[in-house]
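Q: Sharing a structure here in structure tokens format.
The values are calculated or read from the model by the stated rules, or taken from the named source; none is laboratory data. Only a predicted model underlies this, so the values are computations on that prediction, with no experimental measurement involved. Reconstructed Cβ throughout: ideal geometry from the backbone, glycine too, with neighbour counts over all protein chains shown. For accessibility, only protein heavy atoms count, side chains too; no ligands or nucleic acids. Shrake-Rupley method; radii C 1.70, N 1.55, O 1.52, S 1.80 Å.
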Amino acid sequence: MVAIGCDHGGYELKKEIIAHLTKNGVEFKDFGTYDGNSVDYPDIAKLVCKSILSGECENGILVCGTGIGISIAANKHKGIRAAVCSDEFSAKFTRLHNDANVLCLGGRVVGPGLACELVDIFLSTGFEGGRHALRVDKITAIENEN
Ligand code: RB5
């Protein structure tokens, strides 16, 4: 199950992504926002991240205007590794090397075609482990120190 959420800046793009996931039979849970009215992206990041940390959802997709604010908010959650991506290489390698569990997109940055490609790459790529696991463990250690 994929958790998905956006603020008003990401609302139109989230609709496109939801249509894409639905067409491909990917199960998702939509944490809002459900219209184009202004909302605060940290509130949505929190809902999506909590659903991942509780085990309800495996991973997440967050969309705001740039993808940046919502990724900063997401990365404040212990155990969340959120990556803002606007190219295929980054979407692939943030899974392979960082074991990212949240993909952040900018609704005012990437178009729907590219965004859906990034989603597909992110959801279909596994973590490489090995030396990268040691580095991800160090990220966890930093979280635990702070
Ligand atoms: C909202 O206008 C905008 O600030 C937000 O969507 C996002 O881009 C923040 O990083």
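Q: Roughly how many nanometres apart are two label points built 7 Å out from the Cα toward the Cβ at Glu12 and Glu58?
A: 3.1 nm
Q: Grab the Cα-Cα distance for Lys92 and Arg131, subtract it from 0.36 nm times how many residues apart they are, and report the gain in nm with one decimal.
A: 12.3 nm
Q: Can I ask one more? May I ask you to give the percent of accessible area on the chain that is carbon plus sulfur, with a probe radius of 1.4 Å? Present the calculation step by step, with values, prior to reporting the outcome.
A: Numbers: 3860 of 7350 Å².
The value for the chain is 52 percent carbon and sulfur by accessible area.
Q: Next question, about the same structure. Rolling a 1.4 angstrom probe over the protein heavy atoms, how many square angstrom per residue are accessible across segment 1-76?
A: On the way: 3670 Å² over 76 residues.
Heavy-atom accessible area per residue stands at 48 Å².
Q: Which sequence of Asp30, Asp7 reflects their accessible areas, 1.4 Å probe, from the largest down? List each step's numbers first, then the result.
A: Working: Asp30 45, Asp7 10 Å².
Result of the area sort, largest leading: Asp30, Asp7.
Q: Roughly what angle does helix 112-124 make with the longest principal axis of the chain, taking Cα atoms, 0 to 90 degrees, to the nearest 10?
A: 30 degrees
Q: So what is the 222 nm mean residue ellipticity for the chain from helices alone, if each DSSP H run of at least 4 adds -39500 (n - 2.57) and you divide by all residues, rounding to the nearest 500 deg cm²/dmol? Numbers along the way, then the final one.
A: Values: 6 runs with 70 residues, N = 146.
Helix contribution divided over all residues of the chain: -15000 deg cm²/dmol.
Q: How big is the Cα convex hull of the chain in projection, averaged over all directions, in nm²? Present the calculation step by step, with values, prior to reporting the outcome.
A: On the way: hull surface 31.5 nm².
Orientation-averaged projected area of the Cα hull: 7.9 nm².
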